[in-house]
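Have a look at the structure below before the remarks.
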Amino acid sequence: MRILRARWAFAGMTLVGFLLVMPYVQARPTSKRAARQVDEALAEVLFDETTSLAPRCDDATYVRRVWLDLVGDIPGPETVIGFVLDTAPHKRRTLVRQLLNDPQYGQNWARYWRDVIFYRRTEDRALVGANAMVADLTQRFNDNVGWNKIATEFITATGDVRSNGCTAILLAQDGRTEQTAAEVARIFLGLQIGCAQCHDHPYDRWKREQFHELAAFFPRVGVRSVRTATRRSFEVFAMNRPLARHPKDAGRPQPEHFMPDLENPKAPGTRMQPKFFLTGASLPLGTPDARRREQLADWITDSRWFATALVNRLWAELVGEGFYESVEDIGPDRQANVPAAIKGLSAKFRASGYDLKWLLETICQTEAYQRESRPRRGPEGTPFTANVPQRLRSDQLFNAILSVLEIDEADLAIHRRRAQKGAAYGIRGSSRQAFNLVFGYDPSVARAEVVFSIPQALALMNGLQWNRALTMPGNSTMLGRLLGDVSDEEDLVTELYWRCFSREPTADELARALAYREEVGGDDQRGRREAYEDLLWALVNSAEFQYRR
């Protein structure tokens, strides 16, 4: 009966979805060709008749994968079954375009960049600007604002951090000159020039002077506290008064950046002229703050490393490994896997006007993205022979749990406020914020370094709100409604697998679930509920649920 409903639901969804994405389809006709060219470049360099390539993933795997990647959530059973039953030849591309036009697309990727920026914060008070950043970036991503324009807004931002989310990088680094320069290079160029702050870079060509010349674009920007009668905030502002690093500097009319003297830390150091390390282009001393940062933004977004850094980052996020091993340590002294592939894709991304939706659509159409997942390869393995399973980011996992249990996040917040002080997981704040503190990780680090922890296991097993969603009596929960609606045990097990994993159970999984149901409950309704509570919780706590495969 549920499969029949899915047929009718999908028939309506297909027409509505097509009408929604028609303008986008007409505006971006070249992504399929770009995807094919990337695959051809990979095949030419990496693969021969002896290469063991993973086959294309099945439709059920693809729809779950692309939902998690693009909108940060899992699809419902009807959506998955409808997609599997659809016979349209280009249904995967159509699905991608539908998801890129979903409002959750912008929110999912805004939360990704929130983690990129705020996981490197200098202190926790910077988190006061996180919600504004997510709100502003959500709107920009959904409006498909070019990545170059977004980067410029971040580099040149001023104002109250609660109302201008683009102040996030400056806020996260507390306006500190050296840290801000290092973060701007890391985030927008994928370059670790910050390693040259105290000495010449040990593995790259960057010199200490080049780092401090980059820092010289930021000495006139700062972060200060702002208080009103009703709230406390912070403001990113341009300095219009002297900033004395040393008594000898006190008479200077405007602050400049000084490279410290390592031999004599008390000395004023060397005054640095703003100079862009990739090209040597410079501005004169005394240039106002706004001009400095605007010009730096122009030079950064015009650099080939700007497009390359973003392409490598998103490819790594979606395929499981980047063309460059690290998403934040690329550059002229690093060797990429298949340089022609990333060079070509980066050039096309730039030609698209830095169109993020175009880039994501292109990656999702590649064979590299659509292959079945395999464990992460070893050092001697061939790159891109399979997709690599990715541990869900905290927001993705939080959304997936809400979707499976059919919990409204607003209702969850109400229950949490009614609970005793101390809140879920022993952390104050909203349910999502508390969850993120336990399950969050820096998405810029290698995924092999992200490990499951004991606090995470305890939070999933013992979280008050999750248990409430399972154990409340009657038909007030998703499981309670299913127990009342579905009398056939095999159908009920299958429904739970579709909800959690977007697939049917294997014969062995079905047999073990039914055996456990018989062992726990027999014909007793209380025992039946207990058995399926245990099964559902086992599925949600499994590695398969917590990974994107």
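FYI, it's all coordinate maths here, none of it is from the lab. Since the structure is predicted, the reported quantities are computational estimates derived from the model, not experimental observations. For neighbour counting, all protein chains shown are included, and Cβ atoms are generated from backbone atoms with ideal geometry for every residue, glycine included.
Taking 20 °C and 1.002 mPa s as the conditions, I'd like the Stokes-Einstein D for region 105-302 in µm²/s, using the Kirkwood hydrodynamic radius from alpha carbon pairs.
On the way: Rh = 17.4 Å.
Result for D is 123 µm²/s.
Describe numerically, in nm with one decimal, the distance between label points set 7 Å from Cα along Cα→Cβ at ALA54 and at ALA340.
Between ALA54 and ALA340, the label points sit 2.5 nm apart.
³J(HN,Hα) across region 289-295 via Karplus (A = 6.51, B = -1.76, C = 1.60, θ = phi - 60°), whole Hz, x for Gly/Pro?
Residue by residue, region 289-295 yields 4, 4, 5, 4, 6, 5, 5 Hz.
Give a residue-ordered list of calculated ³J(HN,Hα) values for region 54-71 (Karplus: 6.51 cos²θ - 1.76 cosθ + 1.60, θ = phi - 60°; whole Hz; x for Gly, Pro).
Those phi angles translate into 5, x, 4, 5, 6, 5, 5, 5, 4, 5, 5, 4, 6, 4, 5, 5, 8, 10 Hz.
With angles folded into 0 to 90 degrees, how steeply does helix 489-501 sit against the dominant principal axis of the chain? Use alpha carbons for both and round to 10.
With rounding to tens, the tilt is 10 degrees.
Taking a point 7 angstrom from the Cα of MET239 along the C-beta vector, which residues in region 285-306 have backbone N less than 18 Å away?
Residues 285-294 qualify, since their backbone N sits under 18 Å from the label point.
Please give the charge dipole size of region 172-211, origin at the Cα centre, charges +1 on K and R Cβ atoms and -1 on D and E Cβ atoms. Round to the nearest 20 debye. Don't skip to the answer; put the middle values down first.
Working: 5 positive and 6 negative charges, 17 e Å.
Its charge dipole is roughly 80 debye.
Mind ordering 324-337, 277-290 by average Cβ neighbours within 10 Å, highest first? Numbers along the way, then the final one.
Values: 324-337: 17.3, 277-290: 14.5.
Packing proxy ranking, top to bottom: 324-337, 277-290.
Using the beta-carbon distance between VAL450 and ASP124 and R0 = 22 Å, what value does 1/(1 + (r/R0)^6) give for FRET efficiency, to the nearest 0.05? Can you show the working numbers first?
Numbers: r = 21 Å, r/R0 = 0.96.
Once rounded, the FRET efficiency stands at 0.55.
Relative contact order, percent, of the chain when contacts are C-alpha pairs under 8 Å separated by at least 6 residues? Display every interim value, and only then the final one.
Numbers: 812 pairs, mean separation 86.3, N = 549.
The normalised contact order for the chain reaches 16 percent.
With θ set to phi - 60°, apply the Karplus curve 6.51 cos²θ - 1.76 cosθ + 1.60 along region 179-193 and write out the HN-Hα couplings as whole Hz, x wherever there is a Gly or Pro.
Per residue, the Karplus-derived 3J(HN,Hα) values read 5, 5, 4, 5, 5, 4, 5, 5, 6, 9, 10, x, 10, 9, 5 Hz.
Write down the Kirkwood hydrodynamic radius of the chain, to one decimal in angstroms, obtained as one divided by the mean of 1/r over all alpha carbon pairs.
Details: mean 1/r = 0.0389 Å⁻¹.
Evaluated on the chain, it is 25.7 Å.
Please tell me the relative contact order of region 105-302 in percent, rounded to the nearest whole number, where contacts are Cα pairs under 8 Å and at least six residues apart.
Numbers: 342 pairs, mean separation 36.4, N = 198.
Reported relative contact order: 18 percent.
As I understand it, the dipole of the chain uses +1 on the Cβ of Lys and Arg and -1 on the Cβ of Asp and Glu, about the Cα centre. Which of SER326, PHE47, VAL486 lies farthest toward its positive end?
SER326
If you put +1 on each Lys and Arg Cβ and -1 on each Asp and Glu Cβ, how big is the dipole of the chain around its Cα centre, in Debye rounded to 20?
On the way: 73 positive and 70 negative charges, 441 e Å.
Taking the Cα centre of the chain as origin, the dipole is about 2120 debye.
Taking H as built 1.01 Å from N, whose amide H comes closer than 5 Å to the amide H of ARG391, not counting residues under 5 places away?
Under 5 Å from the amide H of ARG391: ARG548.
Based on other C-beta atoms within 10 Å, arrange HIS257, HIS201 from fewest to most.
Numbers: HIS257 24, HIS201 20.
Ascending Cβ contact count within 10 Å gives the list HIS201, HIS257.
If each residue of separation counts as 0.36 nm, what is the full-extension length gain between ASN541 and GLN433 once their alpha-carbon separation is subtracted? Don't skip to the answer; put the middle values down first.
Details: separation 108, 0.36 × 108 = 38.88 nm, distance 2.00 nm.
Working it through step by step, the gained length comes to 36.9 nm.
Two decimals, Cα atoms only, Kirkwood Rh: what is Rg/Rh over region 281-321? Kindly include the intermediate steps, with their values, before the conclusion.
Values: Rg = 14.9 Å, Rh = 12.1 Å.
With Rg and the Kirkwood Rh in hand, the quotient comes to 1.24.
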